[in-house]
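The values are calculated or read from the model by the stated rules, or taken from the named source; none is laboratory data. A quick note: this is a predicted structure, and the numbers were derived from the prediction, not measured. Quick reminder, even Gly has a Cβ in these numbers, built from the backbone with ideal geometry, and neighbours come from all protein chains shown. The accessibility values were calculated without ligands, DNA or RNA, using every heavy atom of the protein model including side chains. Shrake-Rupley method; radii C 1.70, N 1.55, O 1.52, S 1.80 Å.
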There are 2 protein chains.
Amino acid sequence: MAESERVMVDFRTEPARYKHWKLSVDGRVATLAMDVREDGGLRPGYELKLNSYDLGVDIELYDTIQRLRFEHPEVGAVILTSGKERVFCAGANIRMLSQSSHGWKVNFCKFTNETRNAIEDATAHSRQFYLCAINGPCAGGGYELALASDYIIMADDGSTTVALPEVPLLAVLPGTGGLTRLVDKRRVRRDRADFFSTLEEGIKGQRAVEWRLVDQVVPRSQLDETVRRRAAELAARSDRPAGARGIPLEPLARTIEGERVAYSQVTCQLDRERGIAEITVSAPTGPPPADPPGIRAVGCAFWPLAVARELDDLILHLRTNEDAVGLWVFRTAGRGDLLEAYDRALLDHASDWLVREIRLYLKRTLKRLDVSSRSIFALIEPGSCFTGTLLELALAADRSYMLYGAREGDAKPPASVRLTGMNFGPYPMVNGLTRLESRFLAEPGRVDDLKGRVGKELEAAAAAEAGLVTFTPDDIDWDDEVRIGMEERVAFSPDALTGMEASLRFGGPETLESKIFSRLSAWQNWIFQRPNAVGPKGALKVYGTGERSDFDRGRV
Amino acid sequence: MAESERVMVDFRTEPARYKHWKLSVDGRVATLAMDVREDGGLRPGYELKLNSYDLGVDIELYDTIQRLRFEHPEVGAVILTSGKERVFCAGANIRMLSQSSHGWKVNFCKFTNETRNAIEDATAHSRQFYLCAINGPCAGGGYELALASDYIIMADDGSTTVALPEVPLLAVLPGTGGLTRLVDKRRVRRDRADFFSTLEEGIKGQRAVEWRLVDQVVPRSQLDETVRRRAAELAARSDRPAGARGIPLEPLARTIEGERVAYSQVTCQLDRERGIAEITVSAPTGPPPADPPGIRAVGCAFWPLAVARELDDLILHLRTNEDAVGLWVFRTAGRGDLLEAYDRALLDHASDWLVREIRLYLKRTLKRLDVSSRSIFALIEPGSCFTGTLLELALAADRSYMLYGAREGDAKPPASVRLTGMNFGPYPMVNGLTRLESRFLAEPGRVDDLKGRVGKELEAAAAAEAGLVTFTPDDIDWDDEVRIGMEERVAFSPDALTGMEASLRFGGPETLESKIFSRLSAWQNWIFQRPNAVGPKGALKVYGTGERSDFDRGRV
């Protein structure tokens, strides 16, 4: 990690603190304009010219997308555009990339990928349609942002183009989903995608439409009106409630003291020496509100929303600021019956706009956990609450340990796990399967069988028999077995574990998202290690210096 | 490239020259025993102890698999086992890996992956069922070889185990399909796969069956008989003709003179300075034999088989021995009507065992082309023969240029391309789609429409309209456009091109094979660049030296 990267990154922000984005809402349509402040970089050493971005810009984008979902139920369409006169967006800032460590680049790309996936998730599931108004040159990560929206309108003015110049200019990939979205989302013919991705200057006008790179081009003078009209059409198709009022996403309370990170429902005890984070999630302590108005009344304090926000922030915090902590160990605590009641509320009120948003947020947070390059263990002990939504943490884990029977001298009853309806659909992984489906690829019928056990307390023997947990040591073996498992895990090479976990977690089918995280990101990570990109004469290093890059011509 | 890697590798071999494998055929069942000669390494500097393997061992394996298909139509089942007393196979030789360059490792893994895929292809499509008799400890690449077979029987003798110890021992992945086959082929539960893949000592006995790692365990004393019985059962299910005689795969005639590589139907002119290989494939010069007996009579000289063998060898040769040649430019020459007649023979006699093998071999060769990390262009000019089977070369290309109209002063008629039935099914890519389906992801209906144009000569305008070619410059523009396209291509970073091509070539669905080449191999390539594996203190480097590896604990 470079020195400047050691300053802690905080993913919490709010509109009053935005430097780079301008949000305006006009009835059913919001406009989100990118207007990056050149001197507003998260780190010293680069200027964010031409609407180029760094992690700080993307943190604000992520925050806005979240707020649009929760604070603006009335918004059915979002226009993504540039607030600058002569440029849409030049992509990720190259100086920033070139001065960043390998780990920083990889982590930056993961977050930006997740944010673009969240845009698509908003369109598909929150029914908040993103459309993009390209009102100036749009290159690299700029075009990848456009690709994440559902409909792209480009000004036909002779100078506005879309381009993916990464390969010819920088010797890296358009790694924020660009290549994958070209062929798998927009289904650009592969030979055209090939040509386009080697073209520094990009493509403009009608050819961009013919090649499916954008959906529509219009004369500059008609851009605003065309976009507004299209946005109104899309908004009219949305089922979001025009008359509803949003809930404010209050600042997230978090304390960091030494090796302890704490929120209201989530705590994390770090052991930096051993490289382990022990994370505990608490179940709700009382029953849920009776109905959607009651849920809206508690707002951010509604337990499922609070947990989604806190876990989300913790994952981002640990990934970015605690890279040497390679093993995350999840525990839960609390009453399964209360959690079950909350899950029932999420199921019963699924059609309520806010409940829908909360379910989607939990889904995205669990997905973020799956694609984190950290080992994940779950410990299921007396007093824990691996029920329904929280059982997903154990199912997301690379392995789980569940104590068989009670602890000597402990009055608590033996540990149990409990399925709810939330384990059977609302939380798909990036491969499109639920965690149960991913687990039982060999015997898909088991998932159906398990539906018959919803609500039952399954102690260790039953949970093991049902295939829900990995190991069930008893009180005599527990300490040694868990300790050795953890010690061994953190002794392995972090890189090998990352590759192994990425390969084993996502069996079965692939989706656009899974292809972005596996194929595209894996290749980009490889390229981010190659001297042709990052060596002293690598293209990323010499870009803008006037020097020419010098490539090793060998193909591997 | 290390100095010892500069000696040319020849992929052509024959049983009389085998050092490492023993093939015996007993009626419908063949036994293929791995018996690696310790001092028989392809390169100096390592000993192939414990049935560990290097590229030379795998070249022989590949040759045997091919011969079993063509020379042994009577064989319906193949028993893969070890010829050693106390070990099945210890996997790829670690000293060999540790002394190899990055490019060598990556290329070695690609070939071994293709060979294991060929084993599965033989089981699935040649109806030559591979089963594996594990008669001693079986680790890493040894178990990955077992995973490629259709049925695994293991001795239950207290010492025989299966293991994937790469992550704990070497800080690399089981990258020859191991991780992917665990969860995607054998559908081992992901948490068990995780535990297993971190276990140096492996798993034996009944637990290996329960965890789906093997299909059956039997006492050592019953291993041979159980395997023979099972093999006979599998062979009985095969539709391969028990009474047929195979055709010998005669030594492949090839000349290499300076920058020219030539076979009977395929020639390759290298320009090492520019990094370009110009490859020309000739169409047949006479009509095909009238029927399957006639095809068997010409044997290896049958044009489609000759082309499959020659292209296969050329691809392997270029990938391994000409790594600085990054652009392969395909041309064809000859008469489309004759090629069409050959394609008709391949279609009409599809149920003949030999014709089936030839079609499958062409399929595998074209797949090998798709997954080669080289840029591929196709040039379609007057006199060329991009018809049917050879049109697949243009469809496999990253882009194609087709001359519009005739050349000034050239009597030849304008170039045309021609579809045959062979473009609509027999040659799927690793993603399971034909090249036409992969091309028209946006408009699947176009593939059906094109069926109506089978046999028609499509000149440039029609071919472009049909979406079959990328660019159609006329005689005035041709030279500049093609030259600039080629010059630009070879000027880009080879690594960026590899990642780009791997991302754009395979739109749409994923399969076991495509996941191995994209996800697993991409992660492995990344790990093969990481200091934790290959640095001076990396696990792969210090293995066997008594030194401890020293890991950077940062997760990226």
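State which residue is farthest from B:Arg344 (Cα to Cα) when the search covers only segment B:416-445 and only residues that are part of a helix (DSSP H, G or I), more than 14 Å from chain A (Cβ to nearest Cβ) and open to solvent by less than 10 Å² (accessible area, probe 1.4 Å). Among those residues, the one meeting the criterion is B:Asn423. Taken over segment A:163-188, the residue count meeting the criterion of being surrounded by fewer than 24 Cβ atoms within 10 Å (Cβ to Cβ) and in contact with a strand residue (DSSP E or B) (Cβ under 8 Å, 6 or more places away or on another chain) is 1.
Got at least one residue in segment A:243-253 being open to solvent by 40 Å² or more (accessible area, probe 1.4 Å) and among the hydrophobic types (A, V, I, L, M, F, W, C)? Outline the logic, then answer.
Here is the first cut: in segment A:243-253, the residues open to solvent by 40 Å² or more (accessible area, probe 1.4 Å) are A:243, A:245, A:248, A:250-251, A:253.
So of that shortlist, the ones also among the hydrophobic types (A, V, I, L, M, F, W, C) come out as A:253.
Within segment A:243-253, one or more residues are open to solvent by 40 Å² or more (accessible area, probe 1.4 Å) and among the hydrophobic types (A, V, I, L, M, F, W, C).
Taken over segment A:505-530, the criterion of being over 19 Å from the mean Cα position of the chain (by Cα) and either open to solvent by less than 10 Å² (accessible area, probe 1.4 Å) or within 19 Å of B:Arg189 (Cα to Cα) (or both) is satisfied by A:Gly507, A:Gly508, A:Pro509, A:Trp526, A:Ile527, A:Phe528.
Those strands (runs of 3 or more DSSP E) of segment B:307-415 in which 1 or more residues are within 30 Å of B:Thr13 (Cα to Cα) and either open to solvent by less than 10 Å² (accessible area, probe 1.4 Å) or touching a residue at least 60 places away in the same chain (Cβ under 8 Å) (or both) occupy B:327-333, B:375-380. Scan segment A:94-128 for residues that are open to solvent by 10 Å² or more (accessible area, probe 1.4 Å) and outside any helix (DSSP H, G or I) and the total you get is 3. When every residue of segment B:189-196 is checked against the conditions, none turns out to be surrounded by fewer than 24 Cβ atoms within 10 Å (Cβ to Cβ), more than 14 Å from chain A (Cβ to nearest Cβ) and not in a strand (DSSP E or B).
Check whether at least one residue in segment A:523-544 is at the interface with chain B (Cβ under 7 Å from one of its Cβ atoms) and in contact with a Cys (Cβ under 7 Å, 6 or more places away or on another chain), and report yes or no. Checking segment A:523-544: at least one residue is at the interface with chain B (Cβ under 7 Å from one of its Cβ atoms) and in contact with a Cys (Cβ under 7 Å, 6 or more places away or on another chain).
Of the residues in segment A:254-277, how many are open to solvent by 30 Å² or more (accessible area, probe 1.4 Å) and either among the β-branched types (Val, Ile, Thr) or out of contact with any Asp or Glu (no Cβ under 6 Å at 6 or more places or on another chain) (or both)? Give the derivation first.
Of the residues in segment A:254-277, the ones open to solvent by 30 Å² or more (accessible area, probe 1.4 Å) are A:254-260, A:264-265, A:267, A:269, A:271-274.
Then drop every residue that is not either among the β-branched types (Val, Ile, Thr) or out of contact with any Asp or Glu (no Cβ under 6 Å at 6 or more places or on another chain) (or both), which leaves A:254-260, A:264, A:267, A:271-274.
Here the count works out to 13.
Of the listed requirements (1) touching a residue at least 40 places away in the same chain (Cβ under 8 Å); (2) in a helix (DSSP H, G or I); (3) under 21 Å from A:Pro251 (Cβ atoms), A:Val9 misses just one: (2).
Hey, does segment B:198-209 have a residue that's more than 19 Å from B:Lys515 (Cβ to Cβ), hydrophobic (A, V, I, L, M, F, W, C), without any contact (Cβ under 8 Å) to a residue 40 or more places away in the chain and not in a loop (DSSP other than H, G, I, E, B)? Yes, segment B:198-209 contains at least one residue that is more than 19 Å from B:Lys515 (Cβ to Cβ), hydrophobic (A, V, I, L, M, F, W, C), without any contact (Cβ under 8 Å) to a residue 40 or more places away in the chain and not in a loop (DSSP other than H, G, I, E, B). For segment A:326-338, the condition holds for at least one residue, the condition being that it is within 14 Å of another protein chain (Cβ to nearest Cβ) and not aromatic (Phe, Trp, Tyr).
Restricting to segment B:39-61, what's the tally of residues that are among the hydroxyl-bearing types (Ser, Thr, Tyr) and either more than 12 Å from B:Leu145 (Cβ to Cβ) or open to solvent by 20 Å² or more (accessible area, probe 1.4 Å) (or both)?
Residues of segment B:39-61 among the hydroxyl-bearing types (Ser, Thr, Tyr): B:46, B:52-53.
Restricting the remaining residues to those that are either more than 12 Å from B:Leu145 (Cβ to Cβ) or open to solvent by 20 Å² or more (accessible area, probe 1.4 Å) (or both) gives B:46.
Number satisfying all stated conditions: 1.
Pairing each residue of segment A:118-139 that is farther than 24 Å from A:Val217 by Cα with any residue that is hydroxyl-bearing (Ser, Thr, Tyr) and surrounded by 24 or more Cβ atoms within 10 Å (Cβ to Cβ), provided the two are 6+ apart or on different chains, yields C-beta distances under 9 Å for A:Ala122/A:Tyr130. Residues that are within 14 Å of another protein chain (Cβ to nearest Cβ), open to solvent by 30 Å² or more (accessible area, probe 1.4 Å) and touching a Phe, Trp or Tyr at 6+ places or on another chain (Cβ under 9 Å) do not occur anywhere in segment B:145-160.
Just to verify a result, which residue in segment A:473-498, among those that are more than 24 Å from A:Met402 (Cα to Cα) and in contact (Cβ under 8 Å) with a residue 12 or more places away in the chain, is farthest from the other protein chains (Cβ to nearest Cβ)? Taking the candidates together, the pick is A:Thr498.
State which residue is farthest from B:Ala16 (Cα to Cα) when the search covers only segment B:218-256 and only residues that are aliphatic (A, V, I, L, M) and assigned to a strand (DSSP E or B).
Going residue by residue through segment B:218-256, those that are aliphatic (A, V, I, L, M) are B:218, B:223, B:227, B:231-232, B:234-236, B:242, B:244, B:247, B:249, B:252-253, B:256.
Okay, now just the ones that are also assigned to a strand (DSSP E or B), so B:218, B:256.
On the way: B:Val218: 34, B:Ile256: 23 Å.
The qualifying residue farthest from B:Ala16 (Cα to Cα) is B:Val218.
The set of residues in segment A:499-514 that are farther than 28 Å from A:Val417 by Cα and more than 7 Å from chain B (Cβ to nearest Cβ) comprises A:Thr511, A:Leu512, A:Glu513, A:Ser514.
Give just the number: which of (1) within 14 Å of another protein chain (Cβ to nearest Cβ); (2) buried (at least 20 other Cβ atoms within 10 Å of the Cβ) does A:Ala283 not satisfy? Status for A:Ala283: all satisfied but (1). For segment B:479-500, the condition of being in a strand (DSSP E or B) and either at positive phi or open to solvent by 10 Å² or more (accessible area, probe 1.4 Å) (or both) holds for none of the residues.
Please count how many residues of segment B:162-180 are at negative phi and in contact with an Asp or Glu (Cβ under 7 Å, 6 or more places away or on another chain). Spell out the reasoning first.
If we filter segment B:162-180 for residues that are at negative phi, which is where we start, we get B:162-170, B:172-176, B:178-180.
Those still in the list that are in contact with an Asp or Glu (Cβ under 7 Å, 6 or more places away or on another chain) too: B:163, B:165, B:168-169, B:172-174, B:176, B:178.
Residues flagged as at negative phi and in contact with an Asp or Glu (Cβ under 7 Å, 6 or more places away or on another chain) within segment B:162-180 amount to 9.
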